Protein chains: 2
Amino acid sequence: MTKQQEASKRRDAKREAIIKAAIHIFGQKGFHAAKIQDIADFASIGKGTVYEYFSTKDELFLAVYDKWMDDFEAQMTASAAEHNNPVSKADALIDTAIDFYETHAQYAAILLEFWAHALRSDDKHFLERIRKMKQTLADLGADVTRQLKKVRAFTEVDAVSFSRLELGISDGIFLQWILDGKAYSLRDAYKFRQSVIGSGLMTTAFRKVMSLKTKKHLKEGFWKSPE
Amino acid sequence: MTKQQEASKRRDAKREAIIKAAIHIFGQKGFHAAKIQDIADFASIGKGTVYEYFSTKDELFLAVYDKWMDDFEAQMTASAAEHNNPVSKADALIDTAIDFYETHAQYAAILLEFWAHALRSDDKHFLERIRKMKQTLADLGADVTRQLKKVRAFTEVDAVSFSRLELGISDGIFLQWILDGKAYSLRDAYKFRQSVIGSGLMTTAFRKVMSLKTKKHLKEGFWKSPE
DNA sequence: ATAAATTGACCGACTCGTCGGTCGGCAAAA
DNA sequence: TTTTGCCGACCGACGAGTCGGTCAATTTAT
């Protein structure tokens, strides 16, 4: 390994260390209340050094989110790759998601702030990162959905729309769980959700009456990609 | 009307005016970037006057959220009261929710900030206000669910859990829609969701296989009230 | 091999604009 | 004359980002 490579490796390691400290402080205090000085202190380096690696607080914030999303995507992709049977693949994906949500529950507030930031910031990087993550997960989900249709577990449904719906639902349940003070088991909530979505709530008779409308909706879906 | 009553009415009106200005500025810039001076300017009053009506920025922020939630609760309750038939009642509730979401789409970021604020703030008012709103809506939803079971439209399901699930899902879809740059119709997304939840995605054969597990989950639910 | 020179990572005191909140005074109403 | 509501100049804390200086490691010169 050349000297340059070593140096750049050291640099990367330090960068990581700063991000780690930033995760801790941002997570604890939120974006606005977290001071760069706090992060520097926690990383046991000088404040000026932080600025050698990240030119603004925003950039550091984005790096933190980036790291989370990289992790999440990697875990989900790996989890999907471990299974062939689409039913167990679906289960594995949900399980992995729950694990991630549970271990990151303490960072829920900063996630919300990040989204708010993304919606407001002129810097399109934030929104793009969110969309990239959603795209990756939606692809995984759509794939599983298609397989489930193929093995006749699922009825005719637009795979992309369903996959996107699932993403929204997952976030929604997670958020609600957080806002409800984690008073119940997140896993139970997901199980309940799965039963509702799988089986539906209508009685057989009622389902027959609604069948035409329902079929149309399921087949057509709703999803269109953002511009 | 006595002099005092008139005076207090004038005071309330001004309070409302300040809240209105605050909604505009908070919505546009977010909690942190919004300056009290901006709000005062927009309301065409002096900065000091704002502090005659709200003692801190936090308090004003809470008042803004309060007003939204009061509106939302009132609209949903009114909407529910207009119908007797549970099927059309459910439709009406969903319709009202979509309307509210659509007209408040511009304020999505501030909603996220509010939730983040609530999770982090020492002031329990924020979280309590959120939970009160959720409770009101969940009661409405559980009521409709019970009626739907009674008329044999819905199968056996824990009404409270389902209602709470719906709340989470609604927020999730809304959020996703916002984050996706409103690229599709929110109403279509909701329709799709309703079809999935009503009818379920499993084929008849598969549903039979899963039936026992599903029934158990639906009946038991997941929801426990936060301490 | 040793000294001198160079580099660049690291640091934290400092700057400077910002903004929540205060307060003394003013003007209109009572 | 007193009270009430209103105002905006002012204050002080605060924190992002800067920058000149330090020092250890590396390179070059002797």
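Of all residues in the stretch B:45-59, those that are farther than 13 Å from B:Arg15 by Cα and within 7 Å of DNA strand D (Cβ to nearest atom) total 3. Counting only residues that are under 18 Å from the mean Cα position of the chain (by Cα) and buried (at least 18 other Cβ atoms within 10 Å of the Cβ), the stretch A:70-89 holds 5 of them. Counting only helices (runs of 4 or more DSSP H) wholly contained in the stretch A:1-118, the ones carrying 2 or more residues that are charged (D, E, K, R), free of Cβ contacts under 8 Å to residues at least 60 places away in the same chain and more than 16 Å from DNA strand C (Cβ to nearest atom) occupy A:57-81, A:86-103. Can B:Val209 be described as within 11 Å of A:Gly198 (Cα to Cα) and either out of contact with any strand residue (DSSP E or B) (no Cβ under 8 Å at 6 or more places or on another chain) or at pLDDT below 95 (or both)? No; evaluated as a whole, the condition is false for this residue. Number of residues in the stretch B:119-149 that are farther than 27 Å from A:Ala108 by Cα, without any contact (Cβ under 8 Å) to a residue 60 or more places away in the chain and either β-branched (Val, Ile, Thr) or surrounded by fewer than 18 Cβ atoms within 10 Å (Cβ to Cβ) (or both) equals 2.
Yes or no, residue by residue, for (1) among the β-branched types (Val, Ile, Thr); (2) at pLDDT 95 or above:
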position	(1), (2)
B:Ala81	no, yes
B:Val87	yes, no
B:Leu93	no, yes
B:Ala105	no, yes
B:His125	no, no
B:Asp143	no, yes
B:Thr155	yes, no
B:Leu165	no, yes
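Of all the listed residues (B:Lys14, B:Lys29, B:Lys35, B:Lys9), the sole one being closer than 25 Å to A:Asp171 by Cα and over 19 Å from the mean Cα position of the chain (by Cα) is B:Lys29. For B:Trp223, the conditions (1) more than 7 Å from chain A (Cβ to nearest Cβ); (2) in a loop (DSSP other than H, G, I, E, B) all hold with the exception of (1). Looking for something hydrophobic (A, V, I, L, M, F, W, C), more than 8 Å from chain A (Cβ to nearest Cβ) and crowded, with 16+ Cβ neighbours inside 10 Å - is there at least one such residue anywhere in the stretch B:186-202? Within the stretch B:186-202 (the criterion being hydrophobic (A, V, I, L, M, F, W, C), more than 8 Å from chain A (Cβ to nearest Cβ) and crowded, with 16+ Cβ neighbours inside 10 Å), the answer is yes, since at least one residue qualifies.
The values are calculated or read from the model by the stated rules, or taken from the named source; none is laboratory data. Remember, predicted model here, so these are calculated numbers, not experimental data. Please note: Cβ atoms are built from the backbone with ideal geometry, for glycine as well, and neighbour counts cover all protein chains shown.
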